[in-house]
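> Take a look at the following structure, please.
The values are calculated or read from the model by the stated rules, or taken from the named source; none is laboratory data. Since we're looking at a predicted model, the values are computed, not measured. Cβ atoms come from the backbone with ideal geometry, glycine included; neighbour counts cover every protein chain shown. The protein model used for the area step is the full one, side chains on, heavy atoms only, and it has no ligands, DNA or RNA in it. Shrake-Rupley method; radii C 1.70, N 1.55, O 1.52, S 1.80 Å.
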Amino acid sequence: MRVVKEGKERRKEILDVSERLFCRNGYDSTSTNDILSEIGIARGTLYYHFRSKEEILDGIIERIISSIERKVAAIALDEEIPVLERFTKAVLNANVDTDVGDMVLEQVHKPQNALMHQKMEQSLLSAITPYFVKIIKDGISQGIMKSDYPEEVVEMTLSYANTAFDDTIDYPEEVKLRKVLGFIRNAELMLQMEPGSLLEAMMPMFYRR
């Protein structure tokens, strides 16, 4: 007897199973038939929720971004945490560091998926930027930072960091260090902070243990 599930529950199941299969077998080596067989549903049920394997991947990306947004929000809105510590923790929580996330990044970094990569970056930046603006504004109100354009500072900082420090770029150590130090100093300049003010807070973003 086939089990009938509510729409949201069925959609979640499809995404959960697809994530597991994609991570185990690889995205390219997993077919919609594999997914159907694993769940035990008809093709029409799958297509009711997702019209293609690409749409399933889109759904997985949406879940990853929502999860990152929740983690960043929890840090950014906790005013018991000092501003600079909040900033560092929020950035660290904005990273994709799960097996599912690694699988997705492997896919979106392929040349044929450049549009998907761009879409993912834009969606993530749109989701988390308001929380970093909140941290910067708290820093301004506390006299730690100064800026008439906190939103623009955040957008430029996150956009550049996302591009210059992409995980697929393997810089020689001395080049990476120079880029990191230059990035941190320019962030200090945009926020009218003394040299070295952000060094301790931001270095863990680039040299995590």
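> Can you name the condition, by its number, that SER66 falls short on among (1) closer than 16 Å to ALA187 by Cα; (2) open to solvent by 30 Å² or more (accessible area, probe 1.4 Å); (3) of a type in the set (S, T, N, Q)?
(1)
> Okay, next question. Tally up the residues in the stretch 48-84 that are small (Gly, Ala, Ser), free of Cβ contacts under 8 Å to residues at least 24 places away in the same chain and within 30 Å of ILE136 (Cα to Cα), please.
2
> Kindly provide the set of residues from the stretch 45-82 that are under 14 Å from the mean Cα position of the chain (by Cα) and farther than 18 Å from MET103 by Cα, ordered by number.
GLU69, ARG70, LYS71, VAL72, ALA73, listed by residue number.
> Quickly run through the stretch 3-38 and pick out the residues that are in contact with an Asp or Glu (Cβ under 6 Å, 6 or more places away or on another chain) and over 22 Å from HIS109 (Cα atoms).
Matches in the stretch 3-38: VAL17 only.
> Something else: What single numbered condition from (1) more than 20 Å from the chain's Cα centre (by Cα); (2) hydrophobic (A, V, I, L, M, F, W, C); (3) buried (at least 16 other Cβ atoms within 10 Å of the Cβ) fails to hold for ALA42?
Exception for ALA42: condition (3).
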